[in-house]
Every structure is written in C-alpha cells, then in structure tokens.
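Down below is the structure, laid out as structure tokens.
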Amino acid sequence: MLYQRLDYKARSRLIHFFLLQITWDVVLSQLHYIIPEESKHGTFVGRIAQDLGLDIGEINSRMLHIVSRDEKEYFQVIVDKPVQMYRVDVEIEDINDNSPVFPSSVYNLSISEIKPAGSRFPLKEAADPDLGTNSITNYELSASEYFTLDFQKYLNQIKSLELVLKKNLDREKQSVHNLTLTAYDGGKPRLSGTTHIIVNVEDFNDNAPVFDQPFYQCSVNENAVEGTLVFKLNATDLDEGRNGEIKYEISNMVSEEAKEAFTLDKHTGEIRVKGKIDFETVNIFRIPVEAIDDGDIQLVGHCKVLVTVVDVNDNPPEMTVTSLSVPVPENSPQGTTVAIISVHDKDSGSNGKVHCYITEPSPFKVNPAFMSDFSLTVNGPLDREVKDEYEVTITARDEGSPSLSTSKTLRIDISDTNDNAPRFIQPVDTVFIKENNPPGSHIYTASAFDPDIGQNSFITYSIRERTIEGIPLSSYISINPENGKVFALVSFDHEQISYFQCHIKATDAGLQALSSNLTLNIFIEDINDNAPTFTPLHSELTIKAPKSAEPGHLITKVKAVDLDSGYNAWTFYKLKDFGGSGKSPFTIAHQTGEITLKRSFTDSDSDEYRLHVVAQDHGEPVMMAEAQIVVSVVESGEELKFDNQETKVTGDEFSDENIYLVVAICVISSIFLITLIVFTVLRWQKYRDEVNELKENYRICSNTGGSWMYSQHTQYNISSSSVRPKSDLIVFTPNNSQTLGNEEQVNLQGVMSNSYYKTP
C-alpha cells in the first residue's frame with residue numbers, strides 16, 4: 001500500500017526494501033512491483049503476504065514491517081518474530097513531464113586562436129529529471145565552419161558533451177563566434193532546451209612584425225659625424241595590445257664593425273652614426289635588423305639594411321717593396337730591374353689612382369708594371385768606385401682633390417765587378433841595396449791598389465822570371481805574393497853585379513783576373529870593403545936617385561888599385577914618417593903618387609932611404625895599404641944607368657896605365673849613355689810631359705879627358721887600375737812630388753850618376 005505520492009524525480013525508479021522475519025540473515029524471497037509516476041496516495045502496489053506465501057494469521061503475530069534504505073518511507077509493512085528478510089523491488093515508471101534545462105541561457109567561452117584543429121572544449125550538459133527515453137537523448141549545434149559538437153553515450157544516456165574545433169581560428173578574421181546549443185529528450189512529444197554559446201577568440205601572438213620591405217639601401221659619407229641620421233625603419237604588427245607593440249633591435253648576427261659604427265633607436269627605428277666610419281676599412285655595412293613584438297611568446301620580423309660608405313680622399317697611397325734585388329752589380333745594363341714596388345690606395349675612383357716617380361736625379365727610373373705595381377730599373381751607368389750607394393726616394397701621389405702622397409727611401413748598394421786592374425803608385429821605381437847585405441833581408445815593398453772590393457781587390461804579387469848573365473832572377477830575389485815584400489836571397493857584391501832590373505806583376509783575384517806591372521831598378525851600392533892594393537911592380541921596389549938631383553926631381557911614381565868605386569876607391573897617398581923628424585928629402589903627391597925630391601941631397605944625408613908609402617881610400621871606415629920603396633942615392637956615374645932603366649920602366653908603366661884609364665873612361669861613359677837613353681825612353685813613354693822639365697832641372701857636364709864628371713846633383717868617380725874599371729851609378733830622388741792626372745802621385749826620379757858613399 002502506497003502511503004506517499006511517488007515522484008520519479010525525487011526518488012530512484014526502483015525502491016528496495018526488506019521484509020524482516022525471525023531469521024535475520026536469511027533472504028527467503030524477492031518481490032518486484034511496478035507503479036506509475038505520479039501515483040496518488042493509497043494506490044495499490046502488491047500483495048506481499050500472498051506473494052510471499054505467508055499465512056495471513058502469522059503476519060500480525062510476526063510483526064511484519066518494511067525497512068527502507070532511504071530516509072523517507074514510501075511503504076509500510078510490519079512483521080515481527082521470528083525475523084525473516086525478504087527483498088522487494090518497486091519500480092516507478094517515468095512519464096515525459098520535464099523539458100531539458102541548461103544551467104545558463106548564455107555560455108561565454110574564450111578560445112585562443114592558436115588552438116589547433118581538433119581541440120575539444122567541455123560544455124555543461126542540460127538537465128532532464130525524466131528517465132529512460134524521456135531523458136535527454138540528443139544535442140544539436142547551430143551551423144558553424146569552425147565548430148562541431150561531440151557527445152558520448154553510456155547505457156543510452158549522454159555522459160559527456162564537448163565543443164570540437166574543426167579548423168584553426170583567426171582572430172584577425174573573426175574575433176567572436178555566436179553558437180546555439182539545443183538539447184532534446186526522447187519522450188513523446190519530444191521536449192527541448194537551448195543555450196547560447198558566445199566564443200570569444202583570444203588573440204595569440206601569431207603575427208610577427210613586418211617591415212615595409214625586406215631589404216633597404218642607403219649611403220653615408222665616411223667622414224659623417226656621430227649622430228648623423230642614416231635611415232629610419234618602419235614595421236607593423238597585425239596583433240593587438242602587447243602583441244602588436246614593436247621595438248627595433250640590431251641582430252646579434254651583425255658584424256663587429258657595423259655594431260661599432262651604428263646605433264638603432266629601439267622605439268623610432270632610426271639608424272644613426274655611432275663611431276668612426278672608414279671607407280678603406282669597410283665600404284659596405286650589412287645591418288640585420290629585428291622588429292620584436294611584446295607578446296608572451298615574442299615574434300620577430302627581419303630586414304636587412306645595406307649602408308654604402310661614400311669615399312672621400314682621406315688616405316695617402318701605401319707603398320710596399322715586394323722584391324728588392326740588392327746589391328746591384330755595377331755593370332748592370334740599362335733596364336735591369338732593381339725592385340718591384342706595390343702601391344695601394346684604400347680610397348676609390350680617382351682618389352685611389354696613383355702615380356709613382358723619383359724625386360731627385362739618379363741612375364734609376366720608376367716604370368709602371370702591372371695594375372698597382374711599379375718596377376724600379378737601372379736608367380744609367382753605375383760605377384761602384386765612384387759611388388757605391390744610392391738613396392732613392394720614391395714618391396707615390398694619388399689623383400684626389402686635394403691629392404695625397406707618400407714617399408719611401410730605398411738604400412741601393414752597388415756591388416763590385418772586376419773592372420779595375422791593380423795600380424801601382426808609379427810604373428817605375430828604384431831601390432838601392434848596400435852590398436854585403438844579409439841573405440833574406442827585406443829590400444823593397446811593392447804596393448798596388450785596386451779600387452775594387454772583396455775578391456776583386458785581393459792582390460797577389462809575382463816577379464816575372466828572367467836571367468841575369470845566365471843566372472835566373474829568382475836566384476837573386478823573391479817576393480811575398482800576399483804583401484809584396486821583396487827579399488834578397490843572396491848577399492850582393494857590388495864588384496860582381498852593380499845593377500839589374502825586375503818586373504813585378506800585381507794580379508787581382510777576380511773571375512777574370514786583371515794585372516799591372518812595376519819595373520823595379522835595383523842598384524847595388526858599394527861599401528868600403530876593399531883596401532887599396534899596390535901593384536906588384538911597386539912592391540919592395542928599389543930606386544936609384546942621383547945625388548946631384550935638384551928639388552922637384554921625380555924619383556918614382558906609385559900606383560895602388562882599390563876594387564871599390566867612388567870615394568871608396570879614391571886613393572890618397574902619403575909617406576909614413578917613422579922618426580917623426582920630418583927631415584926626409586922626399587915628398588909624395590897625394591893624388592898621383594909621384595915621389596919627388598923636396599930638397600937637394602946633402603953630405604949628411606944617408607945613402608939609402610926606405611920610404612914607407614901608404615895608400616888609403618876615402619871610404620868609411622878608411623882602409624889602407626902600405627908599400628916600401630928603397631931609394632939609393634948614387635953618384636953621377638951611376639945616374640945614367642938608372643935614368644935609362646927608370647925611364648924605360650916608367651914609360652912602360654904609364655903607357656899601360658893610360659890604356660887602362662882610356663878604356664875605363666870609355667866603358668863607363670858607354671854604360672852611362674846607354675842607361676840614360678833607356679831611362680829617357682821609359683820616362684818618355686809614361687811621362688812625356690816631364691821630359692823638358694827634366695832636361696831643364698838637370699845639367700850634366702862631362703869631361704872625357706879626365707876622371708871626374710860633375711853636375712848640380714851628381715858626381716862621378718872613375719878609377720883605373722890594372723885589374724878593371726869600377727863605377728857606381730847612383731839615382732837621387734828629390735823629396736818633392738808631382739801629381740799626375742787626378743789621383744796618382746809620382747816621385748820624380750833623380751839623375752843617375754856615379755857617386756861615392758861613406759858607409760857608417
């Protein structure tokens with residue numbers, strides 16, 4: 001029996017309750033009843049006792065009652081002891097008496113435009129208290145190209161409702177979408193409910209800033225001052241709010257040069273000069289610029305600004321010597337390349353066009369070679385001996401306005417070639433050697449000069465081989481090839497050889513050796529190494545003198561021969577006085593050796609005199625010889641015999657001596673004449689301009705009848721003897737010198753003469 005009206009909307013459609021009997025934990029039976037919704041109070045539900053097979057009489061005694069699981073009790077059945085439990089289901093049958101209802105009539109939904117197609121957005125379902133087919137069975141969405149509806153059913157009931165995005169939204173095209181959602185139940189008649197869905201498309205930063213053009217070109221002078229406006233950029237962003245706010249920045253991909261040269265205002269997009277701009281360093285700047293919006297996820301627009309630097313003539317030319325061939329041989333022909341010079345001007349156009357030239361006269365010239373290269377070549381004769389180094393200043397000037405220039409000085413050394421032969425100060429020289437010199441003594445030093453340098457000036461000396469009276473010259477003298485010192489290999493004897501000539505050759509060490517010669521006249525000077533010697537005729541000679549002889553009477557004549565020459569052979573005669581009384585009646589002529597009577601004989605005089613005749617020379621030290629002559633004083637009867645004999649002897653002696661004297665004079669005069677002719681010819685070949693001067697300065701007087709020849713500077717001594725004539729040929733050299741040409745000094749040779757020397 002229903003004691004309260006049933007409402008399906010308030011209760012579940014099936015009500016369970018238990019019949020309690022005596023045995024509590026035993027379920028004896030289960031009953032199921034169906035009643036319609038909206039049944040009134042007192043509506044019959046079912047016969048429990050009958051359906052359970054209970055005795056009617058037991059119902060009351062067993063206190064049958066209903067225990068409901070819910071708070072409200074829709075049914076009441078009382079059964080008491082013993083307790084038994086029965087399960088009873090009462091199904092409430094629904095009727096379609098409710099329309100679907102949404103929680104709100106308008107539903108606002110915000111969806112970001114970045115949401116991808118297929119995105120799902122849960123919707124609140126409509127409510128319908130009815131059950132089964134009377135509850136909501138379907139939803140419909142108004143037509144839309146962007147949205148569709150999806151719902152899931154479980155046991156014929158809709159368990160989830162979702163709005164599905166069919167394709168990407170674009171706020172910039174449509175920012176709001178109005179949709180109508182309708183819910184339908186399955187009852188008859190079908191009931192429905194609606195709600196409006198307003199979809200607001202949220203802006204997403206999906207539009208990057210965009211520049212007017214991706215590439216900009218502009219220019220700036222390289223001398224532009226700091227702050228000069230170069231270019232102004234402009235970018236736009238279709239987004240709104242922060243997403244559309246733009247700031248400008250130079251990309252971190254920019255070069256360091258551009259970063260230092262320019263600055264960019266992040267708000268205005270103005271590019272201005274920041275630092276020094278140099279066309280020669282960078283003539284084109286590529287500045288990558290970014291326009292960045294202020295969205296949560298920032299988007300960036302890109303462009304490139306090409307800034308061309310306009311050149312001004314602010315750089316002088318630069319010179320580099322890429323090849324320098326030094327030293328330059330002095331025999332280099334004209335056109336020989338000395339150096340290659342590379343010239344570069346960082347400026348452009350006429351500012352970078354350069355000309356090269358040498359500023360001062362020199363034997364070199366600058367010629368264009370390739371593009372920016374020039375060659376320095378030989379343009380005239382070179383002579384290292386005149387000038388061995390040049391400093392060539394090369395100037396490079398551009399065609400800018402005003403023009404700029406730079407200069408570089410090259411030091412060019414001139415190398416030597418063997419183009420000069422060794423040169424002696426004079427081609428002929430004379431040396432005097434005292435006889436009896438020690439072997440190996442240094443007698444002369446040949447000195448030649450070679451203006452070349454290095455190997456070309458290294459001089460070696462040699463003596464041209466020849467013979468002297470069949471003996472090789474190398475047996476007499478030798479020369480050190482390195483220093484030109486001449487040494488005597490033997491001890492010379494003036495009495496054996498008084499003069500000889502040698503030719504010294506100076507040769508350099510060049511690849512093609514050059515040489516020159518020196519003629520050396522060597523005179524062996526006499527020293528007083530020979531004492532006078534009386535001829536055998538006057539050794540222990542006995543002479544008879546008449547007692548009646550008058551003063552001045554020639555007793556005899558002595559003759560001593562000295563192998564030396566000059567003063568060393570000039571003999572002086574004297575009588576040696578042993579007693580010291582000076583009473584001897586005889587006297588001797590110091591020069592001729594004639595012994596004469598200086599007073600008449602007296603009765604007190606001795607009948608025999610032993611005269612000690614001393615012959616001494618004029619050398620140093622003085623050397624002498626002594627002979628004894630016995631003079632017998634006889635009476636007049638014996639005088640005739642003596643005279644005849646003495647006359648014969650004296651006549652023969654003087655005849656022989658005169659022959660010797662004449663021969664000696666002729667020989668000496670011939671030698672002197674030949675020597676003078678040879679000397680004159682040699683001097684004429686080399687110094688023909690001096691011949692007249694020599695003739696005027698020197699005057700030679702000769703006496704063919706006597707034994708002496710004198711001049712201003714020379715003196716000759718001719719001695720005759722029974723052995724052989726001797727003479728000295730002496731050359732005096734004045735102290736003054738005369739310059740020949742531009743460089744050489746020549747000592748004038750003195751006149752050759754026979755002279756006498758005293759050996760200290």
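The values are calculated or read from the model by the stated rules, or taken from the named source; none is laboratory data. Since we're looking at a predicted model, the values are computed, not measured. Using ideal geometry, Cβ is built from the backbone for each residue, glycine included, and neighbour counts are taken over all protein chains shown. The accessibility values were calculated without ligands, DNA or RNA, using every heavy atom of the protein model including side chains. Shrake-Rupley method; radii C 1.70, N 1.55, O 1.52, S 1.80 Å.
So which trypsin sites (Lys or Arg not before Pro) in the stretch 405-475 are both in a DSSP loop and have at most 14 other Cβ atoms within 10 Å of their Cβ? Intermediate values should be presented prior to the final figure.
Details: sites: K408, R411, R423, K434, R464, R466; in loops: R464, R466.
Here the sparse-neighbourhood loop sites are R464, R466.
Percent of accessible area on the stretch 499-573 owned by carbon and sulfur, 1.4 Å probe?
54 percent
Please work out how much length the chain gains when fully extended from S350 to R423, using 0.36 nm per residue of separation minus the C-alpha to C-alpha distance, in nm with one decimal.
Separation in residues times 0.36 nm, less the Cα-Cα distance, equals 20.5 nm.
Test of understanding: extend the Cα→C-beta vector of M63 to 7 Å, then name every residue of the stretch 81-109 with backbone N under 14 Å from that spot.
Inside the label zone: 81-84.
Which order do you get for M253, M319 if you rank them by accessible area with a 1.4 Å probe, largest at the top?
The ordering from most to least exposed comes out as M253, M319.
Just the accessible area for Y444, please: 1.4 Å probe, Å², rounded to the nearest 10?
Its accessible surface works out to 40 Å², give or take rounding.
Under the Karplus relation 6.51 cos²θ - 1.76 cosθ + 1.60, θ = phi - 60°, what is the ordered set of whole-Hz ³J(HN,Hα) values for the stretch 247-257, x standing for Gly and Pro?
10, 9, 9, 7, 4, 6, 7, 5, 6, 5, 4
Amide H neighbours of T137 under 5 Å, counting only residues 5+ apart in sequence or on other chains, H built in-plane at 1.01 Å?
Y184, D185, G186
Please give the net charge around I35, taking every other residue with its beta carbon less than 9 angstrom from that of I35, where Lys and Arg add +1 and Asp and Glu add -1.
On the way: positive: none; negative: E37, E91, E93.
Every neighbour counted, the sum reads -3.
Please give the length that would be gained between I471 and K434 if that part of the chain were fully extended, namely 0.36 nm times their separation in residues minus their C-alpha to C-alpha distance (nm, one decimal).
Gain on stretching I471 to K434: 11.3 nm.
For a 32 Å ceiling on Cα separation, which of these pairs sit above it: K365/K505; K247/K346; K259/K346; K153/K173; K115/K232?
Among K365/K505; K247/K346; K259/K346; K153/K173; K115/K232, the Cα-Cα distance tops 32 Å for K365/K505; K247/K346; K153/K173; K115/K232.
Would you mind classifying the stretch 365-492 by shape? Square roots of the alpha carbon gyration tensor eigenvalues, ordered a ≥ b ≥ c; an a/c under 1.5 is rounded, otherwise it is prolate if a/b is larger than b/c and oblate if not.
prolate
Order R87, R286, R397 by their accessible area, 1.4 angstrom probe, all chains in place, largest first.
Values: R87 55, R286 145, R397 85 Å².
If we order R87, R286, R397 from most to least accessible, we get R286, R397, R87.
Quick one: if the Förster radius is 35 Å, what FRET efficiency do E140 and R242 give, using the C-beta to C-beta distance and rounding to 0.05?
0.35
Would you kindly derive the ³J(HN,Hα) couplings of the stretch 261-272 from the backbone phi angles with the Karplus curve 6.51 cos²θ - 1.76 cosθ + 1.60 (θ = phi - 60°), listing them in order in whole Hz, with x for Gly and Pro?
Coupling constants for the stretch 261-272: 8, 10, 10, 10, 6, 6, 9, 9, x, 8, 9, 10 Hz.
What are the residues whose amide H is under 5 Å from the amide H of E91, where those residues sit 5 or more places off or on another chain and H is modelled from the backbone?
For E91, the qualifying residues are I15, Y33, I34, I35.
5 Å is the cut-off here: which amide hydrogens, built 1.01 Å from N in the peptide plane, fall below it relative to T445, excluding neighbours closer than 5 in sequence?
V486
Modelled label-to-label distance, Q50 and D294, 7 Å Cα→beta-carbon offset: nm?
Taking the simple label geometry, Q50 and D294 are separated by 8.6 nm.
So which chymotrypsin sites (Phe, Trp or Tyr not before Pro) in the stretch 477-580 are both in a DSSP loop and have at most 13 other Cβ atoms within 10 Å of their Cβ? Numbers along the way, then the final one.
Numbers: sites: F487, F492, Y499, F500, F523, F534, Y567, W570, F572, Y573, F578; in loops: F492, W570, F578.
Passing both the DSSP loop test and the Cβ count: F578.
If each residue of separation counts as 0.36 nm, what is the full-extension length gain between T308 and V678 once their alpha-carbon separation is subtracted?
Full-extension gain reported as 123.9 nm.
Which FRET efficiency, nearest 0.05, do S669 and D388 yield, Cβ-Cβ r, R0 45 Å?
0.25
Could you list the GluC sites (Glu not before Pro) in the stretch 454-497 that lie in coil according to DSSP, counting only those with at most 13 other Cβ atoms within 10 Å of their Cβ?
Answer in residue order: E465, E469, E482.
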